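The values are calculated or read from the model by the stated rules, or taken from the named source; none is laboratory data. Worth saying up front: this structure is predicted, and the values here are computed from it rather than measured. Reconstructed Cβ throughout: ideal geometry from the backbone, glycine too, with neighbour counts over all protein chains shown. Side chains included, ligands, DNA and RNA excluded: accessible areas come from the protein's heavy atoms. Shrake-Rupley method; radii C 1.70, N 1.55, O 1.52, S 1.80 Å.
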Amino acid sequence: MLQIGPVKLATNLLLAPIAGYCDLAFRLICRHASFMPEADPRSTFTPTGGVGLACTDLLSPQGLLRGSASSLDLARTSDEDKPVGMQLYGSDPDIMAEGALWAVRHGATVVDINMGCPVDKVTKKDGGSRLLCIPDTAVEIARRCARVLEPHGVPLTCKMRLGWFDDAPVALWLAPRLIDAGAQAITVHGRTTQQKFMGVVSHEGIARVVEAVGRASQRTPAIPVIGNGDVRDAHDVVAMIAKTGCAGVMIGRGALSTPWLFRDAWTLQTKGFVPSEPTTRQKLDLIRMYLDWMIEFRGEHYAMVQMRRRISWFGKRLGRELDYRGTPTGCKPLREAMRGTATPDDCRVLLDRFEAGELRGGGYDAPVEEAAV
Ligand SMILES: Cc1cc2nc3c(=O)[nH]c(=O)nc-3n(C[C@H](O)[C@H](O)[C@H](O)COP(=O)(O)O)c2cc1C
């Protein structure tokens, strides 16, 4: 269990914000997959959950306050999508505080400030990880947001990288300052801005932030540090906790291909084993659900755009069945056909054909676009 201020989460696992991916439909998929039964019908094991908190993608407070349609789409949540974090980015403390209040009024369980985004569009306006270079502004944003959130019982969290430059681990001293300003949890992506997404995540870097926060905050319950980066399976979650001492783990890209990763990681932590891989039918049902929810929430056109680009992620876990030579079949023909689809019905037909054993091939290790994100 993980507690963020007054909010008690059912597990210590969080779904990361991933701009363009972790929309309402996808968050619901991960929540649903957290309770997905074991593939083996003889199994008596019932999963007890996985996603403790899911987060929206980064939101512009100006967009929310103006009522811009795209910002409202990104901030959309539902009763089933709880508890949910809403993540804001920007550099103006007044506007960030107004945005935080907007988030509370529109269903946020937690409000998060983005201090990790390395993208020019965000950092050029002093938002995202640029806040690591202007720490007084970062602290002021945290202070103002925490102040407006406190009466509503909604905690403030900050998600940051280790620092901007590889040789300046700003998070070590900024995280304690943010806590002093009112942040109730800190998420650390164990890379610097300079690294962007290259290299491997530094468990040591995260561990040092855990220690720094532990030394600085003597409160009960302790302010949790959440580790993030390169978690691809349940064992990576356990390793992240063991190597860093973090209180929770945030999972991003790993969930795009494996939405049931939260179930697996929670089961490993609580029961000591990883449930068996879902069946092809179970995996396809998640994709079908995603398509239906996407159409419901964002309309057919956008749903199709998403299906065509996401099939490379979903496809990473399809086609693992063995062929007559004992090698996984792969799903390249499915991925290629899906990219050419025009309507939801075309998609559904392809998924049915795949379930019937067609559209296999290309081998399991066929190139998939990690760079698609
Ligand atoms: C395409 C993409 C978009 C992202 N968007 C956000 C975002 O909106 N807010 C944020 O805090 N982090 C964002 N991130 C960073 C992730 O939340 C996470 O910190 C990072 O991917 C490392 O975790 P992972 O290895 O589990 O994916 C994004 C990452 C990617 C690849």
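The helix-based estimate of mean residue ellipticity at 222 nm for the chain, built from -39,500 (n - 2.57) per DSSP H run of four or more residues and divided by its residue count, is -13000 deg cm²/dmol to the nearest 500. Considering only 343, 287, 324, and ranking their Cα positions along the charge dipole of the range 280-372 that arises from unit charges at the beta-carbon of Lys, Arg, Asp and Glu, the one farthest toward the positive end is 324. Within the range 111-263, all pairs of alpha-carbon atoms sorted by distance into 10 Å bins from zero give the percentages 12, 42, 36, 11, 0. A simple spin-label model places pseudo-atoms 7 Å from Cα toward Cβ; at residue 336 and residue 44 they are separated by 4.8 nm.
Here the chain exposes an accessible surface that is 53 percent carbon and sulfur, computed with a 1.4 Å probe and the other protein chains kept in place.
Using Cα pairs closer than 8 Å and at least 6 residues apart in sequence, work out the relative contact order for the range 1-154, in percent.
So the answer I get is 20 percent.
Based on the Cβ-Cβ distance of residue 152 and residue 289, what FRET efficiency does E = 1/(1 + (r/R0)^6) give at R0 = 30 Å, to the nearest 0.05? Provide the component values of the computation, followed by the final result.
On the way: r = 32 Å, r/R0 = 1.07.
Using R0 = 30 Å, I get an efficiency of 0.40.
A Förster radius of 56 Å combined with the Cβ-Cβ distance from residue 165 to residue 1 puts the calculated FRET efficiency at roughly 0.95.
With a cut-off of 8 Å between alpha carbons and a minimum separation of six or more residues, what is the relative contact order of the range 280-372 in percent?
On the way: 110 pairs, mean separation 29.3, N = 93.
Normalised by residue count, the contact order of the range 280-372 is 31 percent.
Size descriptors for the range 217-373 (Cα atoms only): Rg and Dmax, in that order, 18.0, 60 Å.
Cα centroid separation, the range 118-159 to the range 276-315: 33 Å.
Relative to the longest principal axis of the Cα atoms of the chain, the long axis of helix 300-314 makes an angle of roughly 80 degrees. Normalised per residue, the accessible area of the chain is 42 Å², obtained with a 1.4 Å probe and no contribution from ligands, DNA or RNA. Given their separation in residues at 0.36 nm each and the Cα-Cα distance between them, residue 356 and residue 65 gain 99.9 nm when the chain is fully extended.
Could you please put 352, 112, 230, 167 in sequence from largest to smallest accessible area, using a 1.4 Å probe? List each step's numbers first, then the result.
Working: 352 80, 112 10, 230 45, 167 135 Å².
Solvent-accessible surface, decreasing: 167, 352, 230, 112.
Kirkwood analysis of the Cα pair distances in the range 280-372 returns a hydrodynamic radius of 13.3 Å. Against the longest principal axis of the chain, how steep is helix 171-180, in degrees 0 to 90 to the nearest 10, with axes from Cα atoms? Roughly 70 degrees between the two axes.
So which of 82/196; 8/243; 243/283; 196/243; 159/283 end up more than 28 Å apart, counting from Cα to Cα?
Numbers: 82/196 30 Å; 8/243 24 Å; 243/283 31 Å; 196/243 22 Å; 159/283 31 Å.
In this structure, 82/196; 243/283; 159/283 lie more than 28 Å apart at Cα.
Among 231, 154, 200, the residue with the largest mean-square fluctuation in a Gaussian network model of the chain, with springs joining Cα atoms closer than 10 Å, is 200. With a simple spin-label model that places each label point 7 Å from the Cα along the Cα-to-Cβ direction, the separation between residue 106 and residue 276 comes to 4.4 nm. Can you tell me how much longer the chain between residue 243 and residue 72 gets when fully stretched, taken as 0.36 nm per residue apart minus their C-alpha distance, in nm with one decimal? Taking 0.36 nm per residue and subtracting the Cα distance, the gain is 57.7 nm. Our summary of shape: the Cα atoms of the chain have principal axis extents of 61, 45, 38 Å, ordered from largest down, in whole angstrom. Its relative contact order, with pairs defined as Cα atoms under 8 Å and 6+ residues apart, puts the chain at 15 percent.
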